[in-house]
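What follows is calculated from the coordinates using simple rules that are stated; it is not laboratory data. Keep in mind it's a predicted model, so treat the numbers as computed, not measured. Ideal geometry is used to build each Cβ from the backbone, glycine not excepted, and the neighbour counts take in all protein chains shown.
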Amino acid sequence: MEEKDILLEVENLRTSFFTPAGEVKAVDDISYTLGYNEVMGIVGESGSGKSVEAYSIMGLLQSPGRVTGGRVTFMGDTILDVDEGGRFELSREDMRQLRGSKISMIFQNPMTCLNPVYTIGNQLIEALRCHDKSISKDAAKARAIDMLEQVGINNAAKRIDQYPHELSGGMRQRVMIAMALITEPYLLIADEPTTALDVTIQAQIIELMKSLQEKNGTSIIFITHNLGVVAEICDKVSVMYAGKIVEQGTVRDIFYNPQHPYTKGLMQSTPRLDGDGTERLVPIEGTPVDLLNPPKGCNFAPRCRECMKICLRTKPVYTTISEGHISACWLHTRDTLSKEEVASDGQ
């Protein structure tokens, strides 16, 4: 991807939580690029660092969390740069202006994100006027009604005067999407926006986001643990485990040619519509790694059926499978390893 085509670039981002028990490396040296009008899915188990990575980019981390390293560039401008030489980040005011106007975020639970004592109209109008001082209140209200109609809310002129508790879960999520898109941002970060919804509403929300993305040309980072959603809406995928990206590639790469054992495990534990109904779902054995005491080698090694001795001792490096498709696993270089390194755990 050429530099002019890159909207967001994340380089070696590291984020930790400093607790009385020790440092938790929630995001551990991840990198990726996102182009204009592109949708990237970030998938993985709960606790893999998906949301923390998004909060790090948005400048929404709360104590005791802190970005400890890495660089984030948005539209060619550096918004965060932390290295041994010092720390640069946008001021709170500059970040507040960037958030909402050029970068927006949809959070997991709309009921806790919408203010219960203000109507949804008040909240939509405030979001718009906060970033466009020149717009009148009447024009902002008209824009808010139009946005509610675009996200599929019927009788928007009436709904705009209702409070969040008067709406269903699906409608509240649509309001959150309307609020995120009302300023026409270049980048939308959707943090598991369909998790709390039933399957039919999930499908409607996904279809809505696809149509709005195609209409407005907005780039999207879609954070989820639902591989079906990823296949439906994304162009490329980053698979995260224990704070690291273990595999990255296009949707076709990840679904039809998965290379990392963790990615394969996710696929085997997910029901498929194109199956004949006789396949058994195979769960990933074991429990997620304790990030207070991570393994010396590969984080996935304690749960990996193909674990070798080198996996327990040394962190794997990325291997390029094909253009844009990388995987961090020692199995890709197995032929170059010694017999002692290849020996499976227990041999």
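Assorted remarks:
- Selected residue (only one of 78, 112 is within 30 Å of residue 202 (Cα to Cα), within 21 Å of the chain's Cα centre (by Cα), free of Cβ contacts under 8 Å to residues at least 24 places away in the same chain and surrounded by fewer than 17 Cβ atoms within 10 Å (Cβ to Cβ)): 112
- Number of the condition not met by residue 183 [criteria: (1) part of a helix (DSSP H, G or I); (2) in contact with a Lys or Arg (Cβ under 9 Å, 6 or more places away or on another chain); (3) within 15 Å of residue 100 (Cα to Cα)]: (1)
- Filtered residues of the stretch 140-164 (kept if out of contact with any Lys or Arg (no Cβ under 8 Å at 6 or more places or on another chain), of a type outside the set (S, T, N, Q) and under 21 Å from residue 204 (Cα atoms)): 144, 145, 146, 147, 149, 156, 159
- Residue within the stretch 55-67 that is closer than 19 Å to residue 190 by Cα, crowded, with 16+ Cβ neighbours inside 10 Å, polar (S, T, N, Q) and touching a residue at least 60 places away in the same chain (Cβ under 8 Å) present: no
- Scanning the stretch 64-93 for residues that are out of contact with any strand residue (DSSP E or B) (no Cβ under 7 Å at 6 or more places or on another chain) and not small (Gly, Ala, Ser) returns 77, 84, 87, 92, 93.
- Residue 105 under 18 Å from the mean Cα position of the chain (by Cα), touching a residue at least 24 places away in the same chain (Cβ under 8 Å) and buried (at least 17 other Cβ atoms within 10 Å of the Cβ): yes
- Taking the stretch 12-124 as the region of interest, the strands (runs of 3 or more DSSP E) fully inside it that hold 1 or more residues being closer than 30 Å to residue 158 by Cβ are 103-106.
- Failed criterion for residue 208 (all others in (1) under 30 Å from residue 32 (Cα atoms); (2) in a loop (DSSP other than H, G, I, E, B); (3) touching a residue at least 40 places away in the same chain (Cβ under 8 Å) hold): (2)
- Index of the failed condition, residue 139 passing every other in (1) within 17 Å of residue 188 (Cα to Cα); (2) among the hydrophobic types (A, V, I, L, M, F, W, C); (3) surrounded by fewer than 20 Cβ atoms within 10 Å (Cβ to Cβ): (1)
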